[in-house]
Amino acid sequence: MEAAATASVIHSSVAAFRPSNSVGRSPFLMGPKFLPLGPLGAKSHSSIKHQFLNSDGRLGFGRRRCLVFRAASSSSDSGGSSAPIAPLQLESPIGQFLSQMMISHPHLVPTAVEQQLEQLQTARDAEEKKEKEEASTSGTDLVLYRRIAEVKANERKKALEEILYAMVVQKFMDANVSLVPSIAPAASDPSGRVDAWPSQDDKLERLHSPEAYEMIQNHLSLILGNRLDDSTSLAQISKLKVGQVYAASVMYGYFLKRVDQRFQLEKTMKILPGSLGGEDSDIEKAVGEDKRPGGVDNSASHPEVSSWSGGLGSGGFGNLIKPSRLRTYVMSVDGETLQRYATIRSREAVSIIEKHTEALFGRPDIVITPQGTVDSSNDEHIKISFGGLKRLVLEAVTFGSFLWDVESYVDSRYHFVTN
């Protein structure tokens, strides 16, 4: 009964928040919490703030084509071989090289990455020089040269994506946190539940600043409601819906790390605005304005609340959002800056989110209707504990945070992020 109610509630999340254009997008990026394609310019400052203060990051990005890739097998069918260190199996020569390095000599991965980035830069410089020399060429030769250049550029892009992914995985390894393997029922569990992985919540918490983790706790509360501390109860849930929440949480972690970096810098320089430099009582007063009698309870209209709350427990969600210095700081940021921070900067990062999520949850069996809606009637359902859901969301937020870090690092050595 409880499992059916939970599945019904999560199923409603897609119906309530459809993107305006679903052509050529990963199914995991077509669910709740994702903005329609296009700029946020028509939205008010307060509307943009509300999205990112009380949701799991509906971030805007350009149209993408779904890419085909090979996902690693789960440990249950690996035939005794060692389990993969990440769900996504890298395919380019550079990606496979780094995969082997992470297994055999993980301490040498940073040096190997530097060398590969230098080689990519050298190849790109040579290609640009050759392109200038061939500018005077015409006819069939020009078409051929351009096609060759396009193929080489695609190869560099794929190599760059896999370098970024390998660096994210390496950061998890450095923190002694194992990534969740590809989702599949554990052979050793007769109930068919998929979350046989150990809890690593404490390790994941330590990877974020105290202020950022307050925001993550609010994010978890809005997803799980009063089931946040219930780690054992099982629910049967659509794998597609869980995957959509995972992808959205990755994007939320990306946004959160970006804004937290600015917050931490201003805190260190003692230039935080208003009451943020004061005691916690000032923060509670500022955040508590949302909950005064007659005030607007932002969480009531939050997509997570309307989509997940029924079946996850009753009670008001307004008191689930706890006072947070970082949340109050975000409220002080102007709309244009917040819009910029809410945008994933590179196509490579969006592609990594798509590929990693699909490697983790598999390609769902869905159909896009002529109206642009998602028909997921054939979607697989999985048994998972609420503790397992919490683990997935924590990992996803951390993945997004690491993705921001490595994207910034790589761009400083091999520029690929467009303004």
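The values are calculated or read from the model by the stated rules, or taken from the named source; none is laboratory data. Keep in mind that what you see is a predicted model, and the values were worked out from it rather than measured. Positions of Cβ are generated from backbone atoms using ideal geometry, with glycine treated the same way; all protein chains shown enter the neighbour counts. Just the protein is used for accessible areas: all its heavy atoms, side chains included, with ligands, DNA and RNA removed. Shrake-Rupley method; radii C 1.70, N 1.55, O 1.52, S 1.80 Å.
Looking at (1) under 16 Å from residue 400 (Cα atoms); (2) open to solvent by 50 Å² or more (accessible area, probe 1.4 Å); (3) in contact (Cβ under 8 Å) with a residue 60 or more places away in the chain, which one does residue 257 not meet, given that it meets all the others?
For residue 257, the exception is condition (2).
I'm trying to understand the selection: among the residues of the range 358-383, which are in contact with a helix residue (DSSP H, G or I) (Cβ under 7 Å, 6 or more places away or on another chain) and open to solvent by 80 Å² or more (accessible area, probe 1.4 Å)?
380, 381
Working carefully through the options 166, 184, 159, find the one that is touching a Ser or Thr at 6+ places or on another chain (Cβ under 6 Å), among the aliphatic types (A, V, I, L, M) and not in a loop (DSSP other than H, G, I, E, B).
It is 159.
Looking at residue 153, is it in contact with a Lys or Arg (Cβ under 9 Å, 6 or more places away or on another chain) and either open to solvent by 80 Å² or more (accessible area, probe 1.4 Å) or not in a loop (DSSP other than H, G, I, E, B) (or both)?
yes
What single numbered condition from (1) touching an Asp or Glu at 6+ places or on another chain (Cβ under 8 Å); (2) part of a loop (DSSP other than H, G, I, E, B); (3) open to solvent by less than 30 Å² (accessible area, probe 1.4 Å) fails to hold for residue 387?
(2) is the only condition that residue 387 fails.
Taking the conditions exactly as written (aromatic (Phe, Trp, Tyr) and modelled with pLDDT under 50), does residue 97 satisfy them or not?
Here the answer is no, as residue 97 does not meet what is asked.
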